[in-house]
C-alpha cells in the first residue's frame, strides 16, 4: 500500500526564522510528488509539483527538494511570515489512476 | 478566472438525514474529484468523475454517491448520515490529467 508520512506533526517557530518539513513516501513507481498549503477550514493550495527528474524546485520562499533514491522530500521555508501558519501536506500519486495519497500534514505555527 | 466553487460552505444535519453537496469546476476542467477530510486527519479520496462518468471511488460505503452533469459540475450525495461523516468535504478539478489539480474551499458538514 502506498503511504506518505510527514514529520514533524506540528512545529512552532518565530517569525523570520527558517524551517524544514519532511516527507517520506513509498509510492511505486514514482510519478510526481506535490506539496500543498492548507489554511484552516480551507482547501489545499498547490505549492510545488516535482517530477522524477527534478531534485529541487522553488516557489518564492518555498523550496522543495526530492531524493528519489531514499524516497524523501523536504519543504524549506525561508524568512517565515505569520501568513505561513497553515498545514503543509505532502502528496504522492498512485501511478496509473487519479487517487492521490495525502500525508496527514505538518501543522506550522508562526509566532511574532 | 473563477476557481473551483463549492456550496454550501457550511451545513448542519441530523443523524439519518441525507445531504447533497455541489461543486463547479474551473472552466475547461473535465475531471472532478471529491475528498473527505475529517478533523485532524489526511484527505481521503471519495470519488472521481470525468466526462460525466464515475472513474474511480475510494473505500467508502455505497451511501456515498455522486454524479457529474454535462456542464462538468458535480454533486456528492450522502445518505443515512452518521456522526462520523462530520468533516470538510473538498472538491477538486483538473483538465483531465493529474496535473493542474485545484481545490475548492470545501463544505464543512456537521452531523449531530
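Quick note: the coordinates plus some simple rules give every number you see, no bench work behind them. Everything quoted here is computed from the prediction, not taken from an experiment. Every residue, glycine among them, receives a Cβ derived from its backbone with ideal geometry; neighbour counts consider all protein chains shown.
If you go through segment B:73-112 and keep only what is away from chain A (no Cβ under 12 Å) and either in a helix (DSSP H, G or I) or within 13 Å of the chain's Cα centre (by Cα) (or both), you end up with B:73, B:74, B:75, B:76, B:77, B:78, B:83, B:84, B:85, B:109. Scanning segment B:62-74 for residues that are closer than 11 Å to residue B:47 by Cα and buried (at least 17 other Cβ atoms within 10 Å of the Cβ) turns up B:64, B:66, B:68, B:74. Only residues that are without any contact (Cβ under 8 Å) to a residue 40 or more places away in the chain and either under 12 Å from the mean Cα position of the chain (by Cα) or closer than 14 Å to residue B:87 by Cα (or both) were counted across segment B:2-40, and they come to 1.
How many residues does segment B:23-43 hold that are at the interface with chain A (Cβ under 10 Å from one of its Cβ atoms), closer than 16 Å to residue A:38 by Cα and surrounded by 15 or more Cβ atoms within 10 Å (Cβ to Cβ)?
Step one: of segment B:23-43, the residues at the interface with chain A (Cβ under 10 Å from one of its Cβ atoms) are B:31, B:33, B:35, B:37, B:40-43.
When the remaining residues are screened for being closer than 16 Å to residue A:38 by Cα, the result is B:35, B:37, B:40-43.
The next check asks that each one be surrounded by 15 or more Cβ atoms within 10 Å (Cβ to Cβ); those that pass are B:35, B:37, B:42-43.
Total satisfying the criteria: 4.
Selection over segment B:48-72 of residues that are in a loop (DSSP other than H, G, I, E, B) and either touching a helix residue (DSSP H, G or I) at 6+ places or on another chain (Cβ under 6 Å) or more than 20 Å from residue B:3 (Cβ to Cβ) (or both) gives a count of 9.
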